[in-house]
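This report refers to the structure that appears directly beneath it.
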Amino acid sequence: MSEEFLQAGLGFGAMLLLIVLRAPVGLAMLLVGAVGYQQIVGLDVLLNYLKATPYHLFASYTLSVIPLFILMGAIAERGGLARDLFTAAQALVGTRRGGLAIGVIGACAAFGAVCGSSVATTATFARAALPELRRYGYAPGLATGTIAVGGTLGILIPPSVILVVYAISTEQNIAKLFMAALIPGLLATLSYVIAIMIQARLRPDLMPPAPAMSGAEKRQALLRVLPVLSIAVAVIGGIYGGIFTPTESAAVGVMATLAVALARRSLGLAGLVAALRGTAETTAMIFAILLGAEVFNAFLALTQAPDLLALWIAEQSLPAYGVLALLLASYLVLGAVMDELAMILLTLPVFFPVVTALDFGLGPEETAIWFGVLVLIVVGIGLTAPPIGLNVFVVAGLARDVPMGRIYRGVLPYLAMDLLRLLTCAAFPALSLLLVRWLG
């Protein structure tokens with residue numbers, strides 16, 4: 001057992017070293033996995049494996065949903081639909097103290113229903129909302145922290161690229177995972193609004209109210225947002241109602257978003273080309289990580305370290321929720337120092353068999369779906385938690401005059417709500433499984 005763990009440990013160490021040295025995550029996993037695989041079974045077997053694996057991995061029809069959801073979000077961003085959402089939210093709640101921050105959270109939640117990417121949501125609202133928050137005198141740390149955590153709703157509100165990757169890796173139903181994520185995603189939105197209201201009461205100087213809009217301005221803002229909300233309802237409702245498969249729903253969303261942007265003349269040829277280029281770049285990055293994780297996990301499987309670790313954990317006779325707490329704590333630690341997608345793909349071969357072997361009073365499928373939602377929540381926490389919160393880095397890159405430490409301080413009240421929500425969803429699986437049981 002020690003030799004297997006030594007091989008796996010050396011592999012993990014080498015991979016993390018390459019990542020620290022700024023090697024792309026997908027390349028680091030691919031290189032270390034290939035070398036480790038070759039050391040165990042030989043070069044000829046490795047070459048045969050590499051000859052077939054990329055084709056079988058990327059020929060999967062299910063994977064086509066990833067670039068489609070990314071493209072839908074890119075078109076929505078370039079077409080100005082995110083700005084329409086923020087303007088409508090501003091019209092509804094902007095006049096109350098903290099209303100603009102609440103508007104950011106609400107707009108991020110709505111945009112998440114047509115985007116599926118946390119980084120894209122964060123970057124979009126950093127450009128669309130941050131100037132408005134500053135213009136009305138919001139504290140820099142609060143403004144940037146709100147946008148950073150609001151961006152996490154891009155993956156917490158279905159559709160979510162992270163959930164698609166989880167579904168493919170664990171062979172679960174994507175539509176059921178989307179159903180399971182909706183209530184926790186709405187809880188995240190509500191908890192962030194509560195955090196803003198508490199801060200507004202304790203420190204009213206941080207978030208002054210915005211001037212009221214005229215009745216005509218409000219009507220115009222709300223009318224402009226109706227097409228975006230209709231697209232979100234069609235995409236999510238089509239999946240939940242069994243009208244579309246996730247891939248069909250994503251395709252419908254892309255065409256509807258493109259039609260709205262073109263009809264408004266808010267998306268020109270240059271914007272469309274930029275959206276397509278950004279989609280290609282993001283998709284290539286995700287697929288490179290998928291391939292690297294596939295090879296690295298094949299190497300781990302040869303060492304038998306994941307199976308041995310799962311067996312060792314089972315032999316410790318820990319209660320099921322005790323094991324779950326250890327796994328979630330591991331995700332929180334890893335998520336603060338590691339790329340979220342790579343973290344999921346690397347840990348699932350070890351963690352998933354452990355979780356599904358435990359007795360939580362649920363069936364195997366329900367356990368897998370519930371665990372997927374918990375993983376999604378901890379990924380969202382990792383996106384804003386120090387020292388490497390990717391969303392914080394995105395906001396800092398667009399608000400260069402705000403120190404990183406100030407942004408992290410602005411995030412802290414929301415992180416407290418995130419941890420409370422994680423504990424709630426872990427203690428009450430029915431929150432995640434209610435729609436699955438009702439609609440599934």
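Quick notes on this one:
- Near pairs, Cβ below 9 angstrom, 6+ apart or cross-chain, from the stretch 420-440 (more than 15 Å from Gly185 (Cβ to Cβ) and open to solvent by 20 Å² or more (accessible area, probe 1.4 Å)) to any residue that is assigned to a loop (DSSP other than H, G, I, E, B) and of a type in the set (Val, Ile, Thr): none
- Flag for Gly103 being part of a helix (DSSP H, G or I) and touching a Cys at 6+ places or on another chain (Cβ under 6 Å): no
- Subset tally (residues that are closer than 24 Å to Phe5 by Cβ and either part of a helix (DSSP H, G or I) or charged (D, E, K, R) (or both)) for the stretch 273-319: 23
- Pairs where the first residue, in the stretch 255-275, is within 16 Å of Pro67 (Cα to Cα) and the second is crowded, with 17+ Cβ neighbours inside 10 Å and of a type in the set (Ser, Thr, Tyr), C-beta under 8 Å, 6+ apart: none
- Hey, Ile344 surrounded by fewer than 16 Cβ atoms within 10 Å (Cβ to Cβ) and on the phi < 0 side of the Ramachandran plot or not: no
- In the stretch 158-170, the residues that are open to solvent by less than 10 Å² (accessible area, probe 1.4 Å) and either in contact with an Asp or Glu (Cβ under 9 Å, 6 or more places away or on another chain) or assigned to a loop (DSSP other than H, G, I, E, B) (or both): Pro158, Pro159, Ser160
- Residue pairs meeting the criteria (Cβ under 6 Å; at least 6 apart or on separate chains; first more than 16 Å from Ala181 (Cβ to Cβ), in the stretch 222-245; second in a helix (DSSP H, G or I) and open to solvent by 30 Å² or more (accessible area, probe 1.4 Å)): Ile231/Ala256
- Of all residue pairs spaced 6 or more apart or on separate chains, those with beta-carbon atoms under 6 Å, a first member in the stretch 138-166 that is within 24 Å of Tyr61 (Cβ to Cβ) and among the aliphatic types (A, V, I, L, M) and a second member that is open to solvent by 10 Å² or more (accessible area, probe 1.4 Å) and not in a helix (DSSP H, G or I) are Val161/Ser117.
- Scan the stretch 222-258 for residues that are open to solvent by 10 Å² or more (accessible area, probe 1.4 Å), in a helix (DSSP H, G or I) and polar (S, T, N, Q) and the total you get is 2.
- The set of residues in the stretch 325-367 being under 22 Å from Val161 (Cα atoms) and assigned to a loop (DSSP other than H, G, I, E, B) consists of Ala336, Val337, Met338, Asp339.
- The set of residues from the stretch 80-109 being open to solvent by 10 Å² or more (accessible area, probe 1.4 Å) and under 18 Å from Leu376 (Cα atoms) comprises just one member, Ala109.
- Residue in the stretch 353-376 that is out of contact with any Gly (no Cβ under 7 Å at 6 or more places or on another chain), acidic (Asp, Glu) and closer than 29 Å to Thr144 by Cα present: no
- Residue within the stretch 368-376 that is in a helix (DSSP H, G or I), closer than 17 Å to Ala195 by Cβ and open to solvent by less than 20 Å² (accessible area, probe 1.4 Å) present: no
- Matching residues in the stretch 174-205 - criterion: being within 18 Å of the chain's Cα centre (by Cα) and open to solvent by 70 Å² or more (accessible area, probe 1.4 Å): Leu186, Leu190
- Counted residues, the stretch 385-440 - those being modelled with pLDDT of 90 or more, within 19 Å of the chain's Cα centre (by Cα) and of a type in the set (Gly, Ala, Ser): 3
- All positions within the stretch 134-151 that are of a type in the set (A, V, I, L, M, F, W, C) and surrounded by 24 or more Cβ atoms within 10 Å (Cβ to Cβ): Leu142, Ala143, Ile147, Ala148, Val149
- Meets criteria (at pLDDT 85 or above, surrounded by 14 or more Cβ atoms within 10 Å (Cβ to Cβ) and within 21 Å of Ala280 (Cα to Cα)) for Leu10: no
- Filtered residues of the stretch 24-39 (kept if farther than 17 Å from Ile344 by Cα, surrounded by 16 or more Cβ atoms within 10 Å (Cβ to Cβ) and not polar (S, T, N, Q)): Leu31, Val32, Ala34, Gly36, Tyr37
- Qualifying residue in the stretch 208-218 (condition: modelled with pLDDT of 90 or more, farther than 30 Å from Ala180 by Cβ and among the charged types (D, E, K, R)): no
- Some residue of the stretch 116-129 being surrounded by fewer than 24 Cβ atoms within 10 Å (Cβ to Cβ), part of a helix (DSSP H, G or I), in contact (Cβ under 8 Å) with a residue 60 or more places away in the chain and under 15 Å from the mean Cα position of the chain (by Cα): yes
- Residue in the stretch 387-401 that is under 19 Å from Leu206 (Cα atoms), open to solvent by 40 Å² or more (accessible area, probe 1.4 Å), part of a loop (DSSP other than H, G, I, E, B) and touching a residue at least 60 places away in the same chain (Cβ under 8 Å) present: yes
- Residues that are surrounded by fewer than 16 Cβ atoms within 10 Å (Cβ to Cβ) and of a type in the set (D, E, K, R), drawn from the stretch 50-79: Lys51
The values are calculated or read from the model by the stated rules, or taken from the named source; none is laboratory data. Bear in mind that the values here come from a model prediction, so they are computed numbers and not experimental data. We place every Cβ from the backbone using ideal geometry, glycine too, and count neighbours over all the protein chains shown. Protein only, heavy atoms only, side chains kept; ligands, DNA and RNA dropped before computing areas. Shrake-Rupley method; radii C 1.70, N 1.55, O 1.52, S 1.80 Å.
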